[in-house]
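Enquirer: Questions regarding the structure given below will be posed in turn.
Just so it is clear, none of the values below were taken in a lab; they were calculated from the coordinates. Source: prediction; values computed, not measured. Virtual Cβ from ideal backbone geometry, glycine too; neighbours counted across all protein chains shown.
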Amino acid sequence: MVRAAAVMAASPHVVHWGWFRIELANLLIILAMVVVFVIAMVVPFGRSAWARDDSGDRP
Amino acid sequence: MSGAGAAARRETARRPADSWTRALRERIERTVPPGQALPDRQPVFVSSWIYVFGVLTVASLVVVVATGCVLAVGGVAWWHVSSLGHFVNSLHLWSVELFFGFMVIHLWGKFWMAAWRGGRLLTWVTGVIAFVTSIGTAFTGYLSQSNFDSQWISAEAKDGINAIGVGAWFNVLNPGQMLLWHVVLLPLAIGLITVLHVVLVRRHGVVPPIDARDGE
């Protein structure tokens with residue numbers, strides 16, 4: 001991991017799509033954030049006592 | 001009639017009606033509904049991970065400020081000459097990375113649920129201002145690294161800053177000015193905006209999903 005980070009820091013890889021260009025590290029961070037966002041939307045929060053409580057009184 | 005009750009009435013009678021302390025207290029009491037400042041109950045729809053990223057952003061900000069205070073004790077060049085300083089500087093950097101990551105995911109979530117609905121426009125606007133101010137704070141942080149990287153960034157940035165007409169007051173080639181903006185003015189601004197943003201969230205409540213029914 002450290003070696004990979006050092007290699008990326010020494011020689012930035014740039015991705016091209018026509019007029020669009022972005023450094024690979026920035027692209028990976030953005031993709032990771034999108035993945036986290038999607039996971040936050042689809043993964044259940046958990047069965048908390050507060051969500052199950054029909055009376056509305058949290059313990 | 002109790003003696004305490006009579007004493008309280010005499011105290012009330014002596015207090016002027018236009019007391020500024022009374023007006024301020026009542027204004028504070030009106031700002032957030034009773035029980036909503038630190039609530040222990042939330043609507044069912046809040047039971048989703050997407051509602052966690054706001055508080056994660058605030059938690060990251062706390063770590064950013066705390067590590068920044070430690071760096072301030074050691075000085076601007078401390079992290080160049082001390083392994084402990086380097087470690088604290090890394091904590092500062094990575095907590096900033098997490099701060100921005102959490103804040104952007106929070107922004108995405110609130111944008112797609114149109115979080116400005118229901119009288120929450122000012123909440124949305126303060127969030128936007130906090131985001132823009134955070135970018136400026138991070139920028140001045142990169143200018144305060146006291147290395148060739150900060151020199152390069154300032155040299156590249158000066159033309160852009162001058163082009164928008166603020167170079168005379170915000171000189172990116174002046175590391176002392178940039179450091180003071182980074183450690184005093186901008187953190188103070190972010191702190192105040194964040195407090196206002198959180199107070200507005202507590203005042204209006206968490207925005208419900210667009211398709212939520214009443215009482216859900």
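Enquirer: Viscosity 1.002 mPa s, temperature 20 °C: give me the Stokes-Einstein translational D for chain B in µm²/s, with Rh taken as the Kirkwood radius over C-alpha pairs. If you can, show how the numbers build up before the last one.
Expert: On the way: Rh = 20.7 Å.
Taking Rh from Cα pairs, D becomes 104 µm²/s.
Enquirer: Counting alpha carbon pairs within less than 8 Å and at least 6 residues apart, what relative contact order, in whole percent, applies to chain B?
Expert: Numbers: 161 pairs, mean separation 53.0, N = 216.
Reported relative contact order: 25 percent.
Enquirer: Given 5 Å bins starting at zero, what is the percent of C-alpha pairs of the stretch B:25-136 in each, up to the one with the largest pair distance?
Expert: For the stretch B:25-136, the pair-distance distribution reads 2, 10, 15, 17, 16, 14, 11, 7, 5, 3, 0.
Enquirer: Moving on. Fewest first, what order do B:W116, B:W79 take by the number of other Cβ atoms within 10 Å?
Expert: Details: B:W116 16, B:W79 22.
So the ranking, lowest neighbour count to highest, is B:W116, B:W79.
Enquirer: A further question follows. Using only the alpha carbons of the stretch B:114-208, determine the length spanned along each of the three principal axes and report them from longest to shortest in whole angstroms.
Expert: Result for the stretch B:114-208: principal-axis Cα extents of 48, 24, 21 Å.
Enquirer: What is the set of long-range amide H partners of B:A212 at a cut-off below 5 Å, with H atoms built 1.01 Å from backbone N?
Expert: none
Enquirer: Compute the angle between helix B:83-112 and the longest alpha-carbon principal axis of chain B, please, reported from 0 to 90 degrees and rounded to the nearest 10.
Expert: The helix B:83-112 is inclined about 60 degrees to chain B.
Enquirer: Working from Cα positions, state the angle (0 to 90°, nearest 10) between the long axis of helix B:53-74 and the longest principal axis of chain B.
Expert: Its long axis makes an angle of about 60 degrees.
Enquirer: Give me D for the stretch B:47-103 in µm² s⁻¹, whole number, from Stokes-Einstein with Rh from the Kirkwood sum over alpha-carbon pairs, 20 °C and 1.002 mPa s.
Expert: Rounded, D is 180 µm²/s.
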